[in-house]
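Here the structure is laid out as structure tokens; the discussion comes afterwards.
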Amino acid sequence: MSEQRSPRFRSVLDEYVAYRPGKVARSPEGRSYKLSSNESPYGPLPSVREVIADAGGLVNRYPDNGCTALIQAIATRFGVPEAHIAVGCGSVGVTQMLLESIGEPGVEVVYAWRSFEAYPTLADLSGVTSVRVPLTDETHDLAKMADAVSDRTRLVFVCNPNNPTGTVVHRRELEAFFDRVPEDCLIVLDEAYTEYVRDPEVPNGLDLYADRPNLAILRTFSKAYGLAGLRVGFMVAPEPIAAQVRKTYLPFTVSSVAQAAAIASLQAESELLDRVESTVKERGRVYDALVAQGWTVPPAEANFVWLRLGEDTMAFSAACDAAGVSVRPFAGEGARVSIGSPEENDAFLAVAEAYRAARE
Ligand code: PMP
């Protein structure tokens with residue numbers, strides 16, 4: 001008898017841990033508040049829902065592989081040339097395209113840690129080596145990140161605001177950092193939460209990239225535009241970068257429904273930005289309430305807050321689960337809690353208050 005053989009896979013998968021999304025808890029009474037994935041708490045606008053329904057009538061056909069109308073709409077809205085835009089299946093899809101376009105054995109990618117979890121998972125998958133630079137006080141340590149760039153580094157991520165801490169880096173620090181990164185290394189500024197930023201010192205990446213041949217800006221329709229379930233994100237970068245990254249687009253990745261909904265969301269932007277304003281107000285209310293309860297919370301510039309909990313993280317997360325409030329715990333570090341509707345936020349604040357009271 002010949003020895004049993006099994007199909008062979010890439011060795012990187014042996015140790016690989018796939019991306020784990022936020023979960024959904026339910027209280028014994030059946031309440032469920034999902035504050036674990038930084039989504040918009042609002043359902044789609046009627047105008048967007050109508051477009052989604054109409055687009056549904058055409059799903060026997062493949063989508064426009066070039067996303068032409070969507071790219072035109074993004075170009076018009078943001079005042080950038082169409083040739084500077086690449087779209088993908090959410091901004092994680094674009095992140096994967098970026099890594100596919102630079103990934104080779106021996107190549108390094110630098111990013112802060114902790115930051116967005118997709119960076120290590122997608123870096124591992126594309127076969128590049130991650131170089132993680134610890135945050136200082138929950139903020140990017142840009143000087144150390146610049147020190148970590150070597151001639152093996154082809155890409156650096158800066159997440160602004162940072163997920164999961166919600167902290168930001170300012171224009172002056174960013175520009176000093178950009179000046180230190182060699183031009184043959186891509187800088188990817190992930191601005192998934194840019195619409196929620198109110199700190200005036202934080203630049204809009206789209207104002208910076210034109211002067212930098214190696215700067216790419218990542219944006220998403222999943223947060224402020226409320227289309228997380230449809231998976232659309234985009235990159236704006238100088239044409240040579242966009243042209244290379246577009247080559248890695250998996251055919252027909254962005255569905256026709258998603259393309260239509262993203263265009264409709266741009267058309268309905270002012271209503272969507274009013275909703276963002278309400279979330280920003282709620283963020284202020286949640287932040288102030290947490291501070292009044294005695295928590296130390298870093299400045300929150302995205303649609304979530306970060307609670308530094310250390311060893312208490314999993315106990316806190318379990319207390320939230322029991323009340324039907326799902327948060328995103330990072331064992332030994334802290335919990336990220338999305339800003340939801342006022343009712344959801346009140347439910348979270350009640351758990352946070354009871355937790356502190358029980359500890360004192
Ligand atoms: N970047 C950051 C920093 C994020 O937090 C997220 C979503 N959690 C994304 C990108 C990805 O968003 P999407 O793929 O839904 O566009």
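Values computed for the structure shown
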read-out: Shape category assigned to the stretch 160-304 from the gyration tensor of Cα positions, a/c cut at 1.5; value: oblate
read-out: Selection of GluC sites (Glu not before Pro), the stretch 93-148, meeting DSSP coil and at most 12 other Cβ within 10 Å; value: none
read-out: Residue-count net charge about Arg172 - beta-carbon cut-off 12 Å; Lys, Arg +1, Asp, Glu -1; value: -3
read-out: Heavy atoms of Cys89: accessible area, 1.4 Å probe, square angstrom to 10; value: 50 Å²
read-out: Fraction of antiparallel bridges per DSSP, the chain only, in percent to nearest 5; value: 45 percent
read-out: In the stretch 217-286, chymotrypsin sites (Phe, Trp or Tyr not before Pro) in a DSSP loop with at most 13 other beta-carbon atoms within 10 Å; value: Phe252
read-out: Accessible surface, the chain, averaged per residue in Å² (probe 1.4 Å); value: 46 Å²
read-out: Estimated 222 nm signal from helices in the chain, with DSSP H stretches of n ≥ 4 weighted -39500 (n - 2.57), rounded to 500; value: -11500 deg cm²/dmol
read-out: Cα-projected label distance for Arg77 with Arg26, points at 7 Å along beta-carbon direction, nm; value: 3.5 nm
read-out: Simple spin-label estimate for Asp137 and Asp179 in nanometres, 7 Å along Cα-Cβ; value: 2.2 nm
read-out: The stretch 1-108: chymotrypsin sites (Phe, Trp or Tyr not before Pro) in DSSP coil with no more than 10 other Cβ atoms inside 10 Å; value: Phe9
read-out: Inverse of mean 1/r across different Cα pairs in the stretch 121-172, Kirkwood, Å; value: 12.2 Å
read-out: Accessible area of the chain belonging to carbon and sulfur atoms, whole % at 1.4 Å probe; value: 51 percent
read-out: Full-extension gain in nm, Gln293 to Ala322, via 0.36 nm per residue minus C-alpha separation; value: 8.4 nm
read-out: Candidate residues Asp288, Asp184, Asp64: accessible-area rank, largest first, probe 1.4 Å; value: Asp184, Asp288, Asp64
read-out: Nearby lysines by direct alpha-carbon distance to Lys34 (threshold 23 angstrom, same-chain neighbours under 8 apart not counted); value: Lys23, Lys223, Lys281
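The values are calculated or read from the model by the stated rules, or taken from the named source; none is laboratory data. These figures come from a predicted structure and were not determined experimentally. Cβ: placed from backbone, ideal geometry, glycine included. Neighbour counts: every protein chain shown. Heavy atoms of the whole protein, side chains included, go into the accessibility calculation; ligands, DNA and RNA do not. Shrake-Rupley method; radii C 1.70, N 1.55, O 1.52, S 1.80 Å.
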